[in-house]
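Here's the structure we're looking at; comments come further down.
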Amino acid sequence: MSETRIDVRVEQVESALAGDAHPNTCPDCGSHYRDDELEAAHYVCGHCGHHFRMPARARIAWLADPGSFVEEAAEVRSADPLSFYDLRPYRERLAEAELNTGLTDAMIVGAAALDDHPLELAVMEFAFMGGSMGSAVGEKFVRACDGAIAAGTPLLLVTSSGGARMQEGILSLMQLPKTIAAIDELHEERLPLFCLLANPTTGGAMASFGTLGDVLLAEPGALLAFTGPRVVQEIVKEKLSDDFGRSEQHLRYGQIDAIVPRPEQRPCLARLLRLFAR
C-alpha cells in the first residue's frame, strides 16, 4: 500500500544566495552599503539604481517638510475576529510585527506639508506583515480621506503591499469597497489623490485604492500586479515578458502616468501640488 504524502513545497522567489545575502546588499549589482549610507541615498543603489524598500517613517521624513507631519489614527489596531491560528496565533504575529517595526499596523497616516503645500499622507509599511491590508489599514486610509476632506487638501498615498490579510478573512476583503467609497467621497469634494506605487503593490491593494489616483506614479522596477508572474505563467502556460507586471510594462501600456526614480519624487510631487492647488 502506497504511503500518502502531502506536498508542502514553498515557492522560492529569490535564489538561495539572495536569501542569504545581507539586506543591504544590492540584488542587482552586489554592492553593499552601511545602514547610514543607504539611508542617506534614500535607499537607492548608487551603482545601478536599484530601489531598496524604503521604511514608511523614513519616506515620510523625506517627503514631508521638517516638523510638519502630525500622525493621525495611531491608536487604530487590527483585532483578531476569527481567533485565527496557522503555524502561530494571529495575535502573536501582530505583536511581533509591532515590536519589529514600532508601528501599530501596515499604514501610517497624518497631515503634513510638502514644499509648503499642505496635504494628507498615507504611507504603507511592507515590513509589517508584508504590508498586508487588514481592517486597521482600511480604517486608517478612510480616516486619511476624511482628514483630507476636512482640511481641503490633496491626499498622497504610497503603496507597498502583498495584498489582503488572510488572517481576517472576509473583513479584510471588505476593505476594498470601503476604501473605494472613501475615494469617491474625496473626488466628490474635487480633491486630488496622488498614488505612488512602490515595490511590491499586489493583490487587494492593487485592485482597490492603489490604482484609483488622479495621478499614478511608480518607482522603477516595482512589481505592480494582482497576481505574481509565476502564478500567471502557470495558468496561461506561456512564457511571459521579462518585465511582466513591472512598472515599465504598465507605463508601456498606459496604465500609469510616469515612472519616477526616488530622488526625483519630491520635486515631482511638489509640481503636482502646485498644479492641483485650489
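The values are calculated or read from the model by the stated rules, or taken from the named source; none is laboratory data. This is a predicted model, so every value here is computed, not measured. Here the Cβ is made from the backbone with ideal geometry for all residues, glycine too, and neighbour counts use every protein chain on show. The accessibility values were calculated without ligands, DNA or RNA, using every heavy atom of the protein model including side chains. Shrake-Rupley method; radii C 1.70, N 1.55, O 1.52, S 1.80 Å.
Its DSSP H runs of at least 4 residues, each contributing -39,500 (n - 2.57), put the calculated 222 nm mean residue ellipticity of the chain at -10000 deg cm²/dmol, to the nearest 500.
Take 68-79, 195-206 and order them by the average number of nearby Cβ atoms within 10 Å per residue, most first; the result is 195-206, 68-79. Compute a Gaussian network model of the chain, connecting alpha carbons closer than 10 Å, and tell me which residue from Pro154, Pro261, Pro27 fluctuates the most. Answer for the Gaussian network model of the chain: Pro27.
If you rank Lys237, Lys140 by how much accessible surface each has, with a 1.4 Å probe, what is the order from largest down? Write down the numbers at each step before the final one.
Working: Lys237 160, Lys140 5 Å².
If we order Lys237, Lys140 from most to least accessible, we get Lys237, Lys140.
Which parts of the range 49-71 would a label at Asp243 reach, counting a residue when its backbone N lies under 17 Å from a point 7 Å out along Cα-to-Cβ? Counting only backbone N, you get 49-51. Relative to the longest principal axis of the chain, what angle (0 to 90°, nearest 10) does the C-alpha long axis of helix 175-188 take? Once rounded, one gets 20 degrees. When nucleic acids and ligands are ignored and a 1.4 Å probe is applied, Tyr85 ends up with an accessible area of around 150 Å².
If I fit a long axis through the Cα atoms of helix 90-101 and take the longest principal axis of the Cα atoms of the chain, what angle between them do I get, 0 to 90°, rounded to 10? It is inclined by approximately 60 degrees. Solvent exposure of the chain amounts to 52 Å² per residue of accessible area, where only protein heavy atoms count and the probe is 1.4 Å.
For labels at Asp35 and Asn100 in the simple 7 Å Cα→Cβ model, what's the distance in nm? Going by the 7 Å Cα→Cβ label model, 1.6 nm.
Can you tell me the dipole magnitude for the chain around its Cα centre, using point charges on the Cβ only (Lys, Arg +1; Asp, Glu -1), in Debye to the nearest 20?
Details: 25 positive and 40 negative charges, 71 e Å.
It works out to roughly 340 debye.
For Lys178, the lysines whose Cα falls under 29 Å of its own Cα, not counting residues fewer than eight places away in the same chain, are Lys140. Of the solvent-accessible surface of the chain, computed with a 1.4 Å probe and all protein chains present, 55% belongs to carbon and sulfur.
Under unit Cβ charges (Lys, Arg +1; Asp, Glu -1), what dipole magnitude, rounded to 20 debye, does the range 26-77 have relative to its Cα centre?
Dipole magnitude for the range 26-77 comes out near 160 debye.
Principal-axis analysis of the Cα atoms of the chain puts helix 135-151 at an angle of about 10° to the longest axis.
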